[in-house]
Amino acid sequence: MATTWSSDALLRVTMSRGEAPGMRVKASVGDFDQVVLQTPEAPAPVVLAQGKDGWTVSKAQMGTGGHLWFIATRENEREVVRATTYFFFPARHQVPTEMLRAPRGGLEIVPLRLQEHGGTREGSRWRFLLRHDNQPLPGHLLTLETEGGTRQQFMADADGVAEVSFPRDFTSERLNAKEGMNARQEFVLSLDHVSGGKRFLTTYNQSYNPDRMRERSLALGVGVFALGMVFAVPLLRRKEKKNA
Amino acid sequence: MPERLKQVVPTLSRFRFLVQLLTFALSVYGGLLVGSYAAEKISTALPALSCAYDSVNGGYCALVPLQHQMDHRVGAVMAKAQQITVKVLIPVFVTFSTFLLFFFVLGKAFCAWVCPLGTVQEWLFRLGRRLGFGMTPVPAGKLRWLRPVKWLVLLGLVFVVPLLAGLGYAPHSAGNPYCDICPSRIVTTLLTANTDELAIRTGADGFSLGLGIVANLLAGFVVAAALAVRQPFCRICPMLALNAVARHAALLRLSKVEHAKCDKCGICTRACPMDIPEIHHEHGRRAFNEDCTLCGRCAEFCPDDGVIRLKFGPLALFSSAREYYKRRVRGETPEGEVKPVRIVRKSRQEKHVG
Ligand code: SF4
Ligand code: SF4
Ligand code: SF4
């Protein structure tokens, strides 16, 4: 399903449980020539089979779990469009740093850390390396668009690393939904670059959650903590001086 | 070189302090020190209470997956099929067997050597000494009703309530009730300057609010009480109970032989941060109590040769000895009171003269 808040293609990964375990990858708009999957356990790109309803990941390709990195590509003489996303499911897994940083070529948004366990919340900051043909792109602009309606740009530092800070833009409908603090909104990061007369467009999309402080009170927390300390006061006596 | 080593690590307690410093840094600040992924690797190898809520740490508490598996996996499937299948039990058992594997090697030593909350409580108690608070021991009579509490917490909050939540008999927010009241969650995150966990969930359901209030009361109580009571939270900690299950099978363990002088002595219990009377009154298996954290203080302060030992398999790693004891009590009382060094020297000289 196309999105109203971004014109970029978003990759959406769903896991099917039950009868035939596996995953399905769909693109929100446009078609891609191919979709590949990389995992830290099997870093060599695996080309996914295309069905009538997107691309499928078999149980064997899913591996043991952890970090799954998907890259969809479409190319013609004028432009190269690449959409990336990642999927996490908790299981015994290897560290993905090496797999992510491995040279791939083309225009890339490389997360320096993947957002497992719902760590991407409003207000949190995440760092991404921007590179083209494995060369960092200092000073380049990374554009963030969110389902909450934010559009913001972040500039890469001298090492080509852009730090993205997630806006507080959850809509009230989302927050009032049953999921509460587990509500999700999608975001997409996009990077545009022209090289050798060709336009490169790369995106990375995933989701983020509301700031947990939205439903918490620090004042109450501090007060109750202090009350707990007061309850312990009867245990605190001054040391008696021993006579001798 | 061995002389240098003796200066840096003159006692077992000092050695333990250094190990705690290292494990504390790793479990609370691990993410900053070694990078988040490496930290995560290390922490998945540790059994628990390196809180998973702490975003910079390397910590990953094994009580999290235990509660989750009870909630999501066992609960949900039991509700559907009304029976526990092998498919369901195996993942639960994997978490559990990682514990056991850990315990078969390190045994109960997790508590006194690794757990960050144990370390914080110990340091607070030392601070209490500096601030001049008297020590409040937990008498044997109180221990009798306090000891079952940790088993109830383990059974109730780690196993039963999450299971009921999975089955739909308890609110969904009861999925990991132990984490919701765990003081380690609040204390270790506060130590990384993160106040999210100290804040109470007022916008969620009443159940979460209630647990939040209990959690903060408990954490506040523990922090203040630790100034006068040794290891106040440990007394009801579910990890202490979980560790106790396999303690006799573990390689690292405490051993005590029967000794005629014990009757009139009891220094070991005075030195014990868990106030365990059994280390004084019993011997053999029964002296290695369910509450023991394998800190080794009893062995350090036992004034007789070879009565209490810290053993790894058949190997005695540390053995009580009169000479060591004499040296040890010069610096510190069994209760942990630090002695002013000058006076001790004087009395020694007096002894030599007289
Ligand atoms: S009893 Fe619990 S809190 Fe205390 S040291 Fe052991 S695991 Fe940590
Ligand atoms: S019995 Fe000994 S080793 Fe165990 S907690 Fe007490 S002092 Fe430490
Ligand atoms: S300190 Fe040693 S001699 Fe004294 S009661 Fe304990 S085990 Fe026996």
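The values are calculated or read from the model by the stated rules, or taken from the named source; none is laboratory data. Keep in mind that this is a model prediction, so the values were computed, not measured. Positions of Cβ are backbone-derived with ideal geometry, glycine not excepted, and every protein chain shown enters the neighbour counts. Accessible surface is based on the protein model in full, side chains and every heavy atom, while ligands, DNA and RNA are left aside. Shrake-Rupley method; radii C 1.70, N 1.55, O 1.52, S 1.80 Å.
Check the range B:285-302 and report whether any residue there is over 29 Å from B:MET239 (Cα atoms), more than 8 Å from ligand 3 (Cβ to nearest atom), of a type in the set (D, E, K, R) and open to solvent by 30 Å² or more (accessible area, probe 1.4 Å).
The answer is no, given that none of the residues of the range B:285-302 is over 29 Å from B:MET239 (Cα atoms), more than 8 Å from ligand 3 (Cβ to nearest atom), of a type in the set (D, E, K, R) and open to solvent by 30 Å² or more (accessible area, probe 1.4 Å).
Taking the condition of being more than 14 Å from A:THR203 (Cα to Cα) and out of contact with any Lys or Arg (no Cβ under 7 Å at 6 or more places or on another chain), how many residues in the range A:128-139 meet it?
Residues in the range A:128-139 being more than 14 Å from A:THR203 (Cα to Cα) and out of contact with any Lys or Arg (no Cβ under 7 Å at 6 or more places or on another chain): 6 in total.
Answer with yes or no whether A:MET229 is of a type in the set (A, V, I, L, M, F, W, C), free of Cβ contacts under 8 Å to residues at least 12 places away in the same chain and within 14 Å of chain B (Cβ to nearest Cβ).
So A:MET229 fits the description; yes.
Which of the residues spanning the range B:221-255 are more than 14 Å from ligand 1 (Cβ to nearest atom) and either surrounded by fewer than 20 Cβ atoms within 10 Å (Cβ to Cβ) or in contact (Cβ under 8 Å) with a residue 12 or more places away in the chain (or both)?
Passing the criteria: B:LEU227, B:ALA228, B:ALA246, B:HIS248, B:ALA249, B:ALA250, B:LEU251, B:LEU252, B:ARG253, B:LEU254, B:SER255.
Checking B:LEU190 against (1) more than 28 Å from A:MET181 (Cα to Cα); (2) more than 16 Å from ligand 2 (Cβ to nearest atom); (3) among the aliphatic types (A, V, I, L, M); (4) more than 9 Å from chain A (Cβ to nearest Cβ), which single condition isn't satisfied?
Only one criterion in (1) more than 28 Å from A:MET181 (Cα to Cα); (2) more than 16 Å from ligand 2 (Cβ to nearest atom); (3) among the aliphatic types (A, V, I, L, M); (4) more than 9 Å from chain A (Cβ to nearest Cβ) is unmet by B:LEU190, namely (1).
Go through the range B:256-297 and report how many residues are away from ligand 1 (no atom under 16 Å from the Cβ) and not basic (Lys, Arg).
Total meeting the criteria: 21.
Which one of these does B:ARG270 not meet: (1) within 16 Å of ligand 3 (Cβ to nearest atom); (2) crowded, with 20+ Cβ neighbours inside 10 Å?
(2)
What is the number of the single condition among (1) within 16 Å of ligand 1 (Cβ to nearest atom); (2) within 16 Å of B:LEU252 (Cβ to Cβ) that B:ILE308 does not meet?
In the conditions (1) within 16 Å of ligand 1 (Cβ to nearest atom); (2) within 16 Å of B:LEU252 (Cβ to Cβ), B:ILE308 misses (1) alone.
Being facing chain A (nearest Cβ under 7 Å), among the small types (Gly, Ala, Ser) and assigned to a helix (DSSP H, G or I) is the filter here; which residues of the range B:207-241 pass it?
The answer is B:ALA219, B:GLY220, B:ALA224, B:ALA225.
Is it the case that the range B:179-199 has a residue that's more than 20 Å from the chain's Cα centre (by Cα), closer than 16 Å to A:ALA226 by Cα and open to solvent by less than 10 Å² (accessible area, probe 1.4 Å)?
Yes.
So is B:GLU258 within 15 Å of ligand 3 (Cβ to nearest atom) and without any contact (Cβ under 8 Å) to a residue 12 or more places away in the chain or not?
When the stated conditions are applied, B:GLU258 does not pass them.
So which strands (runs of 3 or more DSSP E) stay within the range A:1-56 end to end and still have 1 or more residues that are over 21 Å from the mean Cα position of the chain (by Cα) and in the same structural domain as A:PRO103 (by TED's automatic domain parsing)?
Answer list for the range A:1-56: A:34-38, A:49-51.
Output the residues belonging to the range B:229-248 that are at pLDDT 95 or above and more than 13 Å from the chain's Cα centre (by Cα).
B:VAL229
Determine which member of the set B:THR189, B:THR136, B:THR195 is β-branched (Val, Ile, Thr), in the same structural domain as B:LEU22 (by TED's automatic domain parsing) and in a helix (DSSP H, G or I).
B:THR189
Cβ contacts < 8 Å: first residue in a loop (DSSP other than H, G, I, E, B), restricted to the range B:273-285; second residue open to solvent by 30 Å² or more (accessible area, probe 1.4 Å) and among the small types (Gly, Ala, Ser), any location; separation 6+ or different chain. Result?
Sorted first by the residue in the range B:273-285, then by its partner, the pairs are B:ASP275/B:ALA140; B:PRO277/B:ALA140.
Could you please find all residues in the range A:95-153 being surrounded by 15 or more Cβ atoms within 10 Å (Cβ to Cβ), modelled with pLDDT under 85 and over 24 Å from A:ASP211 (Cα atoms)?
A:VAL95, A:PRO96, A:THR97
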